[in-house]
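Q: Before I ask anything, here is the structure I am working with.
The values are calculated or read from the model by the stated rules, or taken from the named source; none is laboratory data. Bear in mind the structure is a predicted one, so any value in this text is a computation, not a measurement. Here the Cβ positions follow ideal geometry from the backbone for every residue, glycine too, while neighbour counts run over all protein chains shown. Just the protein is used for accessible areas: all its heavy atoms, side chains included, with ligands, DNA and RNA removed. Shrake-Rupley method; radii C 1.70, N 1.55, O 1.52, S 1.80 Å.
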Amino acid sequence: MTGQSQPKVAILGMSEAGRGWATLVSGAGWQVTIYDPDAAQLQGGGEEIATRKRHSLGSGVPPIMDDNHNQPPGEPRLGRSLLDAVNTADWIIDATTSDLPHRQRLLEQVESVSRMAAIVTCSAAGLSPTDLCARLRRPARLLVAYALDPVEQIPAIEVVPGPLTDPVCLDTVRNWLRRLGRIPVVLRKEIPGNAISRITVAVWRECIRLVLDGVLEVRDVDALISSGLAARWAAAGPFQTAYLEAGATAQLSTVLRSVETRWDGDNGLHIPPAEHAHLIRMIQRAYEGEGDVLRGARDERLAELKRIVGY
């Protein structure tokens, strides 16, 4: 393989996600080839990627440097065909938007023309590696690596290995993502919908219901999320927020129980006592003894968000 630190990358599909991945990877100076069977999409993607890289630098996102602190131009090459795009790639990113059967066929085609050592990741919201690799002879080299849009601006990446995924491939992808300045978050097992989609749907469900029930206007919901809950969780995630809100370990149980009983009539969140106690132990294990440091970091992030967003 062409070095673990700087692989040759092929990105398939000039969707929003594909253009974001290409912006991120080429912005790091890595050798990248982009491909889309739609020639207009491919040409437009190449032009937009250049614009997005300039915008990223202008918005204060620092360029990613290599070990020698050099950043080559890294302009993406336009692939003439699927074979031309993937035949020398170490890392192939499927960023197409087709449904599962079409993706399965595409991945089968990719496997037939790519290198034996190539690793394939799918930027697929909610799709499992087991389903995606159903037609592959080498399923050990495929996993999901899903990023929220815009990919180059949001650092957390959901990484989903399947039961057949080679652990070495998982470690390699995590290393590549970290070198791109990303935060890979690995699911310990496959679940329907994976993680980001499940969390998103849960929040969306309540937002939609509040509007349709006449409780809030659309703009009001957006304000509560963007200038309220999203800002709070951007500074510290939900469990860290609960830990900091509790102030002391003894109060953590009370904080969590208040979430369960916040309003009458909700039957969706009732945690059995044994699971409740287990959850508290896991939160304590994650953050115990770091309260002052975490609180200071949270407050700094909130102040920076206020300065940038202006709320």
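Q: Packing-wise, with mean Cβ within 10 Å as the measure, how do 186-196, 39-49, 124-134 rank, highest first? Could the numbers behind the result be given before it?
A: Working: 186-196: 14.0, 39-49: 16.1, 124-134: 19.5.
In descending order of packing, they fall as 124-134, 39-49, 186-196.
Q: Compute the long axis of helix 39-58 from its Cα atoms, compare it with the longest principal axis of the Cα atoms of the chain, and write down the angle in degrees, 0 to 90, nearest 10.
A: 50 degrees
Q: Heavy atoms only, probe 1.4 Å: what % of the accessible area of the chain goes to carbon and sulfur, would you let me know? Kindly include the intermediate steps, with their values, before the conclusion.
A: Details: 9700 of 17010 Å².
Of all accessible area on the chain, carbon and sulfur atoms account for 57 percent.
Q: Let me ask something else. May I ask you to order 201-208, 98-105, 166-173 by the average number of other C-beta atoms within 10 Å around their residues, highest value first?
A: On the way: 201-208: 11.5, 98-105: 13.5, 166-173: 15.6.
Packing proxy ranking, top to bottom: 166-173, 98-105, 201-208.
Q: Using a ≥ b ≥ c from the Cα gyration tensor of region 182-240 (square roots of the eigenvalues), is it rounded, prolate or oblate, where a/c under 1.5 gives rounded and otherwise the larger of a/b and b/c decides, a/b for prolate? Walk me through the intermediate numbers first.
A: Values: a/c = 3.34, a/b = 1.57, b/c = 2.13.
Because a/c hits 1.5 or more and a/b fails to exceed b/c, region 182-240 counts as oblate.
Q: Still on this structure, please answer the following. Note down the magnitude of the dipole of region 165-311 about its Cα centre, charges +1 on Lys and Arg C-beta and -1 on Asp and Glu C-beta and zero elsewhere, to the nearest 20 debye. Each step should come with its number before you reach the end.
A: Numbers: 20 positive and 19 negative charges, 101 e Å.
In total the dipole reaches around 480 debye.
Q: Which aspartates and glutamates does K189 reach when only Cα atoms under 20 Å apart count, and residues fewer than 8 places away in its own chain are ignored?
A: Partners found: D131, E158, D166, D171, E275.
Q: How about region 111-173: which trypsin sites (Lys or Arg not before Pro) there are in a DSSP loop, with at most 11 other Cβ atoms within 10 Å of their Cβ? Don't skip to the end; give the middle numbers.
A: Values: sites: R115, R135, R137, R141; in loops: R115, R135, R137.
Hits after loop and neighbour filter: R137.
Q: Relative contact order for the chain: what percent, with Cα pairs under 8 Å and sequence separation of 6 or more? Let's see the in-between values first.
A: Values: 439 pairs, mean separation 42.5, N = 311.
Computed value for the chain: 14 percent relative contact order.
Q: Label region 155-209 by shape, choosing from rounded, prolate and oblate, from the square roots a ≥ b ≥ c of the eigenvalues of the Cα gyration tensor; if a/c is under 1.5 it is rounded, and otherwise prolate applies when a/b is larger than b/c, oblate when it is not. It would help to have the intermediate numbers written out before the result.
A: Numbers: a/c = 5.51, a/b = 1.73, b/c = 3.18.
Cα axes put region 155-209 in the oblate bin.
Q: Still on this model: Could you tell me which of rounded, prolate or oblate describes region 70-162, using a ≥ b ≥ c as the square roots of the eigenvalues of the alpha-carbon gyration tensor, with rounded for a/c under 1.5 and, failing that, prolate when a/b is larger than b/c and oblate otherwise?
A: Values: a/c = 1.70, a/b = 1.12, b/c = 1.52.
It is oblate, given that a/c is not under 1.5 and a/b is not larger than b/c.
Q: Also: In Å², what does the accessible area per residue of the chain work out to with a 1.4 Å probe?
A: Working: 17010 Å² over 311 residues.
It amounts to 55 Å² per residue over the chain.
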